[in-house]
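Trainee: Dropping a structure here in structure tokens format, bear with me for questions.
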Amino acid sequence: MSTTPSRGMWSSRAGFILAAAGSAVGLGNIWGFPTQVGQGGGAAFVVVYLACILLICAPIMAGEIALGRRTRLSPVGSFAALAPGTRWWLAGGLGVLAGVGILSFYSVIAGWAVAYVWFTATGAVTGSPEDIGRFFAEFTGNGVLSAGLALFVIVTTAAVLLGGVRAGIERVTKALMPLLVLLMIGLAVRAVTLPGAGAGLAYYLSPDLTRLADITVFTSALGQAFFSLSLGMGCILTYGSYFPRQDGIASSALWIVALDTSIALLAGFIIFPVGFSIAGFDPTTSGPGLIFTVLPRLFAELPGGQLFGGGFFLLLSVAALTSTISLLEVPVSHCVDALRWSRTKAVCAVAALIFVLSIPSALGNGAVALFTAVPGFGIGFLDLMVNAWNEFALPIGGCLTAIFIGRIWGVGGALDELRAEGAWFPAPALWTFLIRWICPAAIALILLVTLASML
Ligand code: PHE
């Protein structure tokens with residue numbers, strides 16, 4: 001439980017917020033959120049998503065940071081240190097697996113984003129909505145190309161972890177993230193003024209409450225909330241282990257949650273108005289291709305669209321890179337800590353494993369449904385991965401983390417950490433209630449009803 005002198009430390013609270021926000025903001029916000037809103041029935045999903053963020057994820061975010069900072073260890077070690085002699089370390093182990101599993105499909109989508117920098121900047125993807133859709137289907141139908149792009153993303157991520165240029169990347173992100181937000185605001189302004197945009201806004205903003213009878217709305221909103229905030233897998237915990245003791249946890253957690261959620265909501269203000277401006281658009285059927293088929297349409301409408309399109313996908317790729325770095329860090333630091341591997345060996349071995357695991361996602365991206373022959377698996381392999389990791393592994397990890405903090409470590413210890421050095425911590429009684437009761441119960445209920453509905 002001691003702090004080894006070699007262990008790095010963020011230079012300031014701002015450094016931590018920046019790195020954690022870099023992890024949180026990524027494809028989850030700009031690709032995942034609109035895709036899930038589209039599949040989950042519009043504004044009703046948004047309402048459930050926001051409730052999950054506020055009542056479940058924000059309290060767990062503070063708890064994960066506190067857990068990491070108290071132990072100054074990576075996930076498996078953290079759980080083991082506070083509950084020695086028990087099997088609680090397995091909760092950290094699940095996070096290590098989730099890092100590998102999520103990166104295996106995340107790298108495929110990130111590879112598409114990288115390719116779209118080129119496609120949009122060179123004007124390769126233009127024409128009617130049908131042409132743009134056909135372009136995407138043909139592009140992703142080439143599984144070898146998708147796998148090659150995923151390999152590029154994985155190798156770049158591994159190179160960043162090995163090359164010690166991470167601090168540099170984080171400094172660059174500091175400049176690029178505001179640029180991404182500004183560009184998105186500009187795109188949203190254009191999007192909402194397109195003819196037909198009103199229907200998109202209505203879909204996005206006025207909830208059809210009958211949708212709430214559908215448990216899948218809750219499952220996907222919960223999974224998406226964990227995924228977008230990088231929670232439930234020890235990633236934020238690991239970043240918290242470098243967090244200086246004199247800085248406040250609650251305010252940092254709230255900043256990250258607010259930033260991440262605002263960017264996701266902003267993405268919706270672009271995608272749905274543009275989508276509904278296209279005749280015959282159906283958000284429920286677009287699947288993982290939603291942003292790749294809708295956004296080029298917007299760029300085609302803009303003067304200088306190639307520049308804006310290329311710029312947008314470039315910034316999205318950078319945002320994805322800061323997330324892949326944090327995803328790879330969890331299994332790598334585990335191999336270094338627990339197996340005593342060198343960092344180079346750990347990075348190379350884990351990256352190679354992830355590449356192998358990414359191949360089915362690259363081949364079965366929803367256009368090619370590998371599992372259609374198996375009853376109950378009438379979806380592409382990529383969707384299957386999103387469902388398995390985001391909707392099950394992360395919420396289970398989050399549920400275990402909440403139980404651990406609330407009942408094993410104990411809220412007393414956690415509150416000491418959260419309020420260390422007189423840090424601002426609002427409503428400790430409310431936080432205690434949420435972490436001990438609401439988080440575990442709500443997650444368990446959603447997962448159990450989902451499982452029951454699958455039987
Ligand atoms: N939060 C990241 C995103 O929204 C993905 C991620 C999940 C990163 C889990 C780390 C851990 O893109």
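Trainee: Of these, Arg69, Arg87, which one is basic (Lys, Arg) and in a helix (DSSP H, G or I)?
Mentor: Working: Arg87 fails: in a helix (DSSP H, G or I).
Just a single option satisfies the conditions, and that option is Arg69.
Per-residue answers, yes or no, for (1) assigned to a helix (DSSP H, G or I); (2) over 24 Å from Leu327 (Cβ atoms); (3) away from the ligand (no atom under 16 Å from the Cβ):
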{"residue": "Ala14", "(1), (2), (3)": "yes, no, yes"}
{"residue": "Ala20", "(1), (2), (3)": "yes, no, no"}
{"residue": "Ile30", "(1), (2), (3)": "yes, no, no"}
{"residue": "Thr35", "(1), (2), (3)": "yes, no, no"}
{"residue": "Gln39", "(1), (2), (3)": "yes, no, yes"}
{"residue": "Phe45", "(1), (2), (3)": "yes, yes, yes"}
{"residue": "Ile53", "(1), (2), (3)": "yes, no, no"}
{"residue": "Ile56", "(1), (2), (3)": "yes, no, no"}
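Trainee: Among (1) within 30 Å of Ser12 (Cβ to Cβ); (2) modelled with pLDDT under 95, there is one condition Ser128 misses while meeting the rest; what is its number?
Mentor: Ser128 satisfies all of (1) within 30 Å of Ser12 (Cβ to Cβ); (2) modelled with pLDDT under 95 except (1).
Trainee: Oh, and also: Could you please find all residues in the stretch 399-455 being open to solvent by less than 60 Å² (accessible area, probe 1.4 Å) and not in a helix (DSSP H, G or I)?
Mentor: The answer is Ala423, Phe425, Pro426, Ala427.
Trainee: Does any residue of the stretch 31-39 turn out to be surrounded by fewer than 24 Cβ atoms within 10 Å (Cβ to Cβ) and either more than 28 Å from Ile403 (Cβ to Cβ) or within 15 Å of the chain's Cα centre (by Cα) (or both)?
Mentor: Yes.
Trainee: Looking only at the stretch 248-267, decide whether some residue is in a loop (DSSP other than H, G, I, E, B), touching a Ser or Thr at 6+ places or on another chain (Cβ under 8 Å) and surrounded by fewer than 23 Cβ atoms within 10 Å (Cβ to Cβ).
Mentor: No, the conditions are met nowhere in the stretch 248-267.
Trainee: Just give me the residues in the stretch 340-362 being in contact with a Phe, Trp or Tyr (Cβ under 7 Å, 6 or more places away or on another chain) and open to solvent by 10 Å² or more (accessible area, probe 1.4 Å), in sequence order.
Mentor: Within the stretch 340-362, Pro360 is the sole residue that qualifies.
Trainee: I'd like to know if the stretch 211-232 contains one or more residues that are more than 30 Å from Met454 (Cα to Cα) and without any contact (Cβ under 8 Å) to a residue 24 or more places away in the chain.
Mentor: No: zero hits.
Trainee: Going through the stretch 311-339 one residue at a time, which ones are of a type in the set (A, V, I, L, M, F, W, C), open to solvent by 10 Å² or more (accessible area, probe 1.4 Å) and within 13 Å of the ligand (Cβ to nearest atom)?
Mentor: Hits for the stretch 311-339 are Val318, Leu321, Leu327.
Trainee: Let me ask you something else. What tally of residues in the stretch 365-380 results from selecting those that are surrounded by fewer than 22 Cβ atoms within 10 Å (Cβ to Cβ) and at pLDDT 50 or above?
Mentor: 1
Trainee: Could you please find all residues in the stretch 413-441 being without any contact (Cβ under 8 Å) to a residue 24 or more places away in the chain and under 13 Å from Leu67 (Cβ atoms)?
Mentor: Within the stretch 413-441, Leu415, Asp416 meet the criteria.
Trainee: Mind counting the residues in the stretch 115-162 that are more than 14 Å from Ile354 (Cβ to Cβ) and either touching a Leu at 6+ places or on another chain (Cβ under 6 Å) or among the acidic types (Asp, Glu) (or both)?
Mentor: 6
The values are calculated or read from the model by the stated rules, or taken from the named source; none is laboratory data. None of these values were measured; they are calculated from a predicted model. Quick reminder, even Gly has a Cβ in these numbers, built from the backbone with ideal geometry, and neighbours come from all protein chains shown. Ligands, DNA and RNA are stripped out before the accessible areas are found, and what is left, the full protein with its side chains, is counted by its heavy atoms. Shrake-Rupley method; radii C 1.70, N 1.55, O 1.52, S 1.80 Å.
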